[in-house]
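Just below is one structure, and these are the notes that go with it.
The values are calculated or read from the model by the stated rules, or taken from the named source; none is laboratory data. Keep in mind it's a predicted model, so treat the numbers as computed, not measured. For neighbour counting, all protein chains shown are included, and Cβ atoms are generated from backbone atoms with ideal geometry for every residue, glycine included. Heavy atoms of the whole protein, side chains included, go into the accessibility calculation; ligands, DNA and RNA do not. Shrake-Rupley method; radii C 1.70, N 1.55, O 1.52, S 1.80 Å.
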Amino acid sequence: MAVDPSGLRARKKEQTRIALSWATIRLAVERGLANVRVEDIAAEVGVSPRTFNNYFASKGEAIADRELERFRQFAAALRERPAGEPLWPAITAAVLDRYALADETGDSAGVDETARRRWVEGVRLMIAEPSVQRDLAVAYAAAEQQLAAAVAARTGTDVDRDMFPRLVAGAVGVALGTARQQWLRDQSVPIADLLRDALAQVAGGLAVP
């Protein structure tokens, strides 16, 4: 069977985008955002600075793209959950399955405690940057639209006419953001447990139509 060149190109572009986003996050956490140049990020991935600029308008946008990618994965995973599974258990399973915690929070067994604390502090400083916060807000808005569409498909609602799918998507975004902020303040509870708890609390207040 012949390989579709357009499909290979699309996958290559996606891999490059994800690699650039993750390299930006890693370098910003390690060095501080102001000390990271586009040239440094491009070198980490083995591409030119021009290639970085073809994907992202700024370092903040590259960082925020990781959050958008997470929500793309949540939405895709939710669509793949068994049809008879209740909505909130399906959302929780999709989130926990795709969150990729160990790679980005240091919340994994065997990680040196000093290195983990350094990583957490770097993340705190990174997401406190005004430019990153602006780009994160834009990414969350786009991400919630994708998740709302998946919720609408699952519940037989209309994403434009009905408020329910957008309410659910917004509530999920708030729950995940709150859980992450809680974990950044205190790592005594694994972030997976915080995510599960946050979603359970939200689920208790939103009845499925």
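Return the residues of region 5-44 that are within 20 Å of the chain's Cα centre (by Cα), farther than 13 Å from residue 66 by Cα and aliphatic (A, V, I, L, M); say none if nothing qualifies.
27, 28, 29, 33, 41
When you scan region 45-59, how many residues do you find that are within 11 Å of residue 21 (Cβ to Cβ) and either at pLDDT below 95 or not in a loop (DSSP other than H, G, I, E, B) (or both)?
Summing the residues that are within 11 Å of residue 21 (Cβ to Cβ) and either at pLDDT below 95 or not in a loop (DSSP other than H, G, I, E, B) (or both) in region 45-59 gives 4.
Just to verify a result, which residue in region 141-151, among those that are surrounded by fewer than 19 Cβ atoms within 10 Å (Cβ to Cβ) and without any contact (Cβ under 8 Å) to a residue 40 or more places away in the chain, is nearest to the chain's Cα centre (by Cα)?
141
Taking the residues in region 72-100 that are modelled with pLDDT of 70 or more and part of a loop (DSSP other than H, G, I, E, B) as candidates, determine which candidate is nearest to the chain's Cα centre (by Cα).
If we take residues in region 72-100 being modelled with pLDDT of 70 or more and part of a loop (DSSP other than H, G, I, E, B), then 99 is nearest to the chain's Cα centre (by Cα).
Only one of (1) open to solvent by 40 Å² or more (accessible area, probe 1.4 Å); (2) at pLDDT below 90; (3) under 30 Å from residue 82 (Cβ atoms) is not met by residue 161, so which one is it?
Failed condition: (2).
Is it the case, given these coordinates, that residue 173 is assigned to a helix (DSSP H, G or I), of a type outside the set (Phe, Trp, Tyr), under 19 Å from residue 73 (Cβ atoms) and open to solvent by less than 50 Å² (accessible area, probe 1.4 Å)?
So residue 173 passes the test.
Of all residues being under 17 Å from the mean Cα position of the chain (by Cα) and open to solvent by 40 Å² or more (accessible area, probe 1.4 Å) in region 101-118, which is modelled with the lowest pLDDT? Just the residue, please.
Only one residue fits best here, namely 102.
Only one of (1) touching a Leu at 6+ places or on another chain (Cβ under 7 Å); (2) of a type in the set (A, V, I, L, M); (3) within 21 Å of residue 66 (Cα to Cα); (4) modelled with pLDDT under 95 fails for residue 184. Which number is that?
Tallying (1) touching a Leu at 6+ places or on another chain (Cβ under 7 Å); (2) of a type in the set (A, V, I, L, M); (3) within 21 Å of residue 66 (Cα to Cα); (4) modelled with pLDDT under 95, residue 184 fails exactly one: (1).
Scan region 194-204 and tell me whether some residue there is over 25 Å from residue 83 (Cα atoms) and assigned to a helix (DSSP H, G or I).
Taking every residue of region 194-204 in turn, at least one turns out to be over 25 Å from residue 83 (Cα atoms) and assigned to a helix (DSSP H, G or I).
Hey, does region 125-140 have a residue that's open to solvent by 30 Å² or more (accessible area, probe 1.4 Å), in contact with a Lys or Arg (Cβ under 8 Å, 6 or more places away or on another chain), of a type in the set (Ser, Thr, Tyr) and over 26 Å from residue 89 (Cβ atoms)?
yes
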